[in-house]
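Below is one structure, written out as structure tokens; the observations come after it.
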Amino acid sequence: MKVKIDINLNVNRVVKYLIMVDLFLWGGWGFVQPMFSIFILKKIEGSTLTTIGLAGAVYWVVKSLVQLPVASYLDKREGEKDDFYALVVSLLILGVVAFWFALVEKIWQLFVVQFFFALGFALYTPAWSGIFSRHLDSERHSFDWSLDSTVLGLAVGVSGALGGLLAQLFGFSVVFMVAGLLSLVSALVLFWVPELVLPKPSSSPPPIFQPKSIKITQS
């Protein structure tokens with residue numbers, strides 16, 4: 001019996017570049033994840049396990065409450081200009097927030113920075129998802145989403161392993177600087193293809209990225 005698996009990696013340019021944005025953003029913040037709780041306990045005066053829980057609560061509550069109104073607003077606006085601008089602003093906020101984390105010394109400062117961290121992702125999630133959803137390849141929606149998830153998983157896995165090592169060797173500030181720089185790089189990626197999201201009236205259809213298929217045959 002032969003099992004033939006045909007993995008076609010052909011995705012359109014908008015999807016490809018949005019996956020790259022996700023890659024740099026989540027890869028950057030993946031450096032922070034392994035050591036964030038330790039950072040709070042060691043570097044923030046008077047912090048406890050309760051502080052860690054409250055910091056997480058600030059992020060999730062703010063993000064959850066803000067992203068739905070943002071998504072509703074973007075859905076009501078015709079075209080993708082507002083989505084594009086929201087995406088750029090969100091990435092700039094997240095880049096700046098990473099540098100702010102390196103300066104945090106008090107609990108109240110942690111909560112303030114967490115608020116802006118949540119605000120950044122509250123803008124990013126609906127803006128990125130809206131553009132990505134509208135540009136999914138025909139009859140390959142599951143593959144496009146899964147490709148993004150696979151890339152993110154690999155990026156966060158690798159950066160997570162390196163994040164703890166960087167913190168141990170060079171300190172917490174270096175880890176936040178790396179996260180901030182990669183967040184800003186993800187914003188720059190968008191400006192490589194603005195005509196794909198904000199096309200000119202006379203522009204031709206965007207070219208399609210066509211890497212070769214990978215065929216796996218098992219006897």
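The values are calculated or read from the model by the stated rules, or taken from the named source; none is laboratory data. No experiment lies behind these values; they were computed from the predicted model shown. Here the Cβ is made from the backbone with ideal geometry for all residues, glycine too, and neighbour counts use every protein chain on show.
One residue is enough: does the range 196-211 have a residue meeting the conditions in a helix (DSSP H, G or I), touching a helix residue (DSSP H, G or I) at 6+ places or on another chain (Cβ under 6 Å), modelled with pLDDT under 90 and not basic (Lys, Arg)? Within the range 196-211, one or more residues are in a helix (DSSP H, G or I), touching a helix residue (DSSP H, G or I) at 6+ places or on another chain (Cβ under 6 Å), modelled with pLDDT under 90 and not basic (Lys, Arg). Among the residues of the range 72-103, those that are surrounded by 17 or more Cβ atoms within 10 Å (Cβ to Cβ) and among the small types (Gly, Ala, Ser) comprise Ala86, Ser90, Gly95, Ala98, Ala102. Of the residues making up the range 187-194, none is in a helix (DSSP H, G or I), out of contact with any Gly (no Cβ under 7 Å at 6 or more places or on another chain) and of a type in the set (Phe, Trp, Tyr).
Take the residues in the range 36-69 that are among the hydrophobic types (A, V, I, L, M, F, W, C) and more than 29 Å from Pro126 (Cβ to Cβ), then tell me which one is nearest to the chain's Cα centre (by Cα). Taking the candidates together, the pick is Ile38. Any chance the range 125-139 includes a residue that's at negative phi, among the acidic types (Asp, Glu) and assigned to a helix (DSSP H, G or I)? No, because not a single residue in the range 125-139 is at negative phi, among the acidic types (Asp, Glu) and assigned to a helix (DSSP H, G or I). Mind telling me which of the residues Val151, Val113 ends up being part of a helix (DSSP H, G or I) and at pLDDT 95 or above? Exactly one of Val151, Val113 is part of a helix (DSSP H, G or I) and at pLDDT 95 or above, namely Val113.
The numbered conditions (1) part of a helix (DSSP H, G or I); (2) farther than 13 Å from Pro126 by Cα; (3) not hydrophobic (A, V, I, L, M, F, W, C) are all true for Tyr85 except (2).
Evaluated against (1) among the basic types (Lys, Arg); (2) within 23 Å of Ala57 (Cβ to Cβ); (3) without any contact (Cβ under 8 Å) to a residue 24 or more places away in the chain, Arg77 falls short on exactly one condition, (2). All of (1) touching a Phe, Trp or Tyr at 6+ places or on another chain (Cβ under 8 Å); (2) under 19 Å from Trp60 (Cα atoms) hold for Ile131 with one exception: (2).
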